[in-house]
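Peer 1: Can you keep this structure in mind? I'll have questions shortly.
The values are calculated or read from the model by the stated rules, or taken from the named source; none is laboratory data. Treat the numbers as computed from the prediction; the structure is a model and nothing was measured. All Cβ positions, even for glycine, are placed from backbone atoms using ideal geometry, and neighbour counts span all protein chains on display.
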Protein chains: 2
Amino acid sequence: LMMGANGRPQVSENMIHPMISHGVKIMSMGFLIDEDAPVIWRGPMVMKAIQQFARNVDWGELDYMFVDLPPGTGDAQISLTQTLPLDGALIVTTPQAAAYTVARRGAGLFEKMEVDILGVAENMSYLELANGEKQYIFGQGGGQKVADALKCELFGQIPLDSCLREGGDRGIPQVIADSKGNIANTFRLIASKIIEQMGN
Amino acid sequence: LMMGANGRPQVSENMIHPMISHGVKIMSMGFLIDEDAPVIWRGPMVMKAIQQFARNVDWGELDYMFVDLPPGTGDAQISLTQTLPLDGALIVTTPQAAAYTVARRGAGLFEKMEVDILGVAENMSYLELANGEKQYIFGQGGGQKVADALKCELFGQIPLDSCLREGGDRGIPQVIADSKGNIANTFRLIASKIIEQMGN
């Protein structure tokens, strides 16, 4: 949805061809099931799906592969670390105290599985009002606190923003919808820091 | 955290005594593990924890039992429906299009497991500015759309609100911190609609 890709991927010779949108190859459970049907899958089936996405999708040569995970430290996270060699994990959190513990625990799983923590991105950091004033609805400093606890860098802060949300719902990422805006710059900054950290 | 309960629950004769805060008995994995340690649990262990919370916690006589679930349709949701007889499910969503599909799928799991959908609560519905103007950061109508699709009622809309968030982080629910305020009234309205629906 957020990448503007939909429909069913082509399958040939037991390989799934990823969808392509904005120049990015994409694979998601959402392409394979009905929009309204729940994916009622216990852990072993989650593991199988992850393995299939890793092995039976015709990814070809990639610059980078991103895997967007649900929150938590369950089967999806464990199976992924056991299926693919990961170069690192980006921890995403909100500034809120309640999110801090969840982010720390999520990072703890990757540490235990010996996956490097690349850095932290803070989401929903603030809302900018029409007069330029920033409202910190979810508090301040949570992302930095997580980064400090994990001894890594806070890569950037993404604000709460109507345009960002609308672009997501319409499948047009902010780096394309408003490529010169502040939010696009922050996304690019975070991307460059991920690349830099992966080179270390 | 959000209920202001912490520490370790007492255990006697193989029964765990729930923590009590604001007159509510509470049990959570968070009481049993270190704050920073990830709960790296595959599905069968999630099932075991849910069974233990249902059978080995000294709940006594209860008016209502609420189980707060993570998003999704995985082991926690499946195991719960197979462990406890549920009177119904309250679906919580944000107004955002991206959240709609997730909420519909979650409800689909309960329908498949023959658990009644009681209704829908919309969270992060809007932000009220100092001048009274409402900002619909996550869009409008998502909760109603989910309710319509599930043929049930939208019970209420909880705004994005700094005080609500702070109360959550400090462990003081809004119905106690500001018991006569609009947000507390909305929570009470949702509660009364749940009770009403459970009577039907």
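Peer 1: Here are some residues: A:52, A:82. Which one is out of contact with any Leu (no Cβ under 6 Å at 6 or more places or on another chain), without any contact (Cβ under 8 Å) to a residue 40 or more places away in the chain and more than 14 Å from chain B (Cβ to nearest Cβ)?
Peer 2: Checking each option against the conditions leaves just A:52.
Peer 1: Let me ask you something else. State whether one or more residues within the stretch A:43-62 are closer than 28 Å to residue A:159 by Cβ and modelled with pLDDT of 95 or more.
Peer 2: Step one: of the stretch A:43-62, the residues closer than 28 Å to residue A:159 by Cβ are none.
No, the stretch A:43-62 contains no residue that is closer than 28 Å to residue A:159 by Cβ and modelled with pLDDT of 95 or more.
Peer 1: Which residue, of A:106, A:119, A:72, is in a helix (DSSP H, G or I) and either in contact (Cβ under 8 Å) with a residue 12 or more places away in the chain or farther than 22 Å from residue A:139 by Cβ (or both)? I'd like the intermediate steps shown before the answer.
Peer 2: Numbers: A:119 fails: in a helix (DSSP H, G or I); A:72 fails: in a helix (DSSP H, G or I).
Every option except A:106 fails the conditions.
Peer 1: Please pick out the residue among A:132, A:142 that is out of contact with any His (no Cβ under 9 Å at 6 or more places or on another chain), of a type outside the set (D, E, K, R) and surrounded by 15 or more Cβ atoms within 10 Å (Cβ to Cβ). Reasoning before the result, please.
Peer 2: On the way: A:132 fails: surrounded by 15 or more Cβ atoms within 10 Å (Cβ to Cβ).
Testing whether each residue is out of contact with any His (no Cβ under 9 Å at 6 or more places or on another chain), of a type outside the set (D, E, K, R) and surrounded by 15 or more Cβ atoms within 10 Å (Cβ to Cβ) leaves just A:142.
Peer 1: Among (1) part of a loop (DSSP other than H, G, I, E, B); (2) of a type outside the set (Lys, Arg); (3) on the phi < 0 side of the Ramachandran plot; (4) more than 10 Å from chain B (Cβ to nearest Cβ), there is one condition residue A:114 misses while meeting the rest; what is its number?
Peer 2: If we test residue A:114 against (1) part of a loop (DSSP other than H, G, I, E, B); (2) of a type outside the set (Lys, Arg); (3) on the phi < 0 side of the Ramachandran plot; (4) more than 10 Å from chain B (Cβ to nearest Cβ), just (3) comes out false.
Peer 1: Restricting the search to the stretch A:145-166, which residues are in a helix (DSSP H, G or I) and touching a residue at least 24 places away in the same chain (Cβ under 8 Å)? Show your work before the answer.
Peer 2: Narrowing the stretch A:145-166 to residues in a helix (DSSP H, G or I): A:145-149, A:162-166.
Within the stretch A:145-166, A:145, A:146, A:147, A:149 qualify.
Peer 1: Looking for something within 12 Å of chain B (Cβ to nearest Cβ), out of contact with any Pro (no Cβ under 7 Å at 6 or more places or on another chain) and buried (at least 20 other Cβ atoms within 10 Å of the Cβ) - is there at least one such residue anywhere in the stretch A:172-187?
Peer 2: If we filter the stretch A:172-187 for residues that are within 12 Å of chain B (Cβ to nearest Cβ), which is where we start, we get none.
Checking the stretch A:172-187: not a single residue is within 12 Å of chain B (Cβ to nearest Cβ), out of contact with any Pro (no Cβ under 7 Å at 6 or more places or on another chain) and buried (at least 20 other Cβ atoms within 10 Å of the Cβ).
Peer 1: When the stretch A:88-106 is examined, which residues are found to be over 18 Å from residue B:163 (Cα atoms) and facing another protein chain (nearest Cβ under 8 Å)?
Peer 2: Answer for the stretch A:88-106, where residues must be over 18 Å from residue B:163 (Cα atoms) and facing another protein chain (nearest Cβ under 8 Å): A:101, A:104, A:105, A:106.
Peer 1: I want to confirm something. Restricting to the stretch B:152-171 and keeping residues that are more than 13 Å from chain A (Cβ to nearest Cβ) and not hydrophobic (A, V, I, L, M, F, W, C), which single residue is nearest to residue B:104 (Cα to Cα)?
Peer 2: Here the answer is B:153.
Peer 1: Restricting the stretch B:1-33 to residues that are touching a helix residue (DSSP H, G or I) at 6+ places or on another chain (Cβ under 9 Å) and part of a helix (DSSP H, G or I), which is surrounded by the most Cβ atoms within 10 Å (Cβ to Cβ)?
Peer 2: Restricting to residues being touching a helix residue (DSSP H, G or I) at 6+ places or on another chain (Cβ under 9 Å) and part of a helix (DSSP H, G or I), the top hit is B:30.
Peer 1: Of the conditions (1) touching a Gly at 6+ places or on another chain (Cβ under 9 Å); (2) exposed (fewer than 15 other Cβ atoms within 10 Å of the Cβ); (3) away from chain B (no Cβ under 13 Å), residue A:66 fails just one. Which one is it?
Peer 2: Failed condition: (1).
Peer 1: Taking the stretch A:119-138 as the search range and keeping residues that are under 25 Å from residue A:191 (Cα atoms) and touching an Asp or Glu at 6+ places or on another chain (Cβ under 8 Å), which one is nearest to the other protein chains (Cβ to nearest Cβ)? Break it down stepwise before answering.
Peer 2: First, the residues of the stretch A:119-138 that are under 25 Å from residue A:191 (Cα atoms): A:119-128, A:134, A:136, A:138.
Checking which are touching an Asp or Glu at 6+ places or on another chain (Cβ under 8 Å) leaves us with A:119-120, A:127-128, A:134.
Details: A:119: 18, A:120: 15, A:127: 7, A:128: 11, A:134: 12 Å.
This residue is A:127.
Peer 1: Then there is this: Which of (1) assigned to a loop (DSSP other than H, G, I, E, B); (2) surrounded by fewer than 16 Cβ atoms within 10 Å (Cβ to Cβ); (3) touching a residue at least 24 places away in the same chain (Cβ under 8 Å); (4) away from every other protein chain (no Cβ under 12 Å) does residue B:61 not meet, given it meets every other one?
Peer 2: (3)
Peer 1: Any residue in the stretch B:189-197 that is crowded, with 16+ Cβ neighbours inside 10 Å, in a helix (DSSP H, G or I) and in contact with a Leu (Cβ under 6 Å, 6 or more places away or on another chain)?
Peer 2: Yes, the stretch B:189-197 has at least one match.
Peer 1: I'm told residue B:46 meets every condition in (1) in a loop (DSSP other than H, G, I, E, B); (2) crowded, with 17+ Cβ neighbours inside 10 Å; (3) of a type in the set (Val, Ile, Thr) except one. Can you identify the failing condition by its number?
Peer 2: Every listed condition holds for residue B:46 apart from (1).
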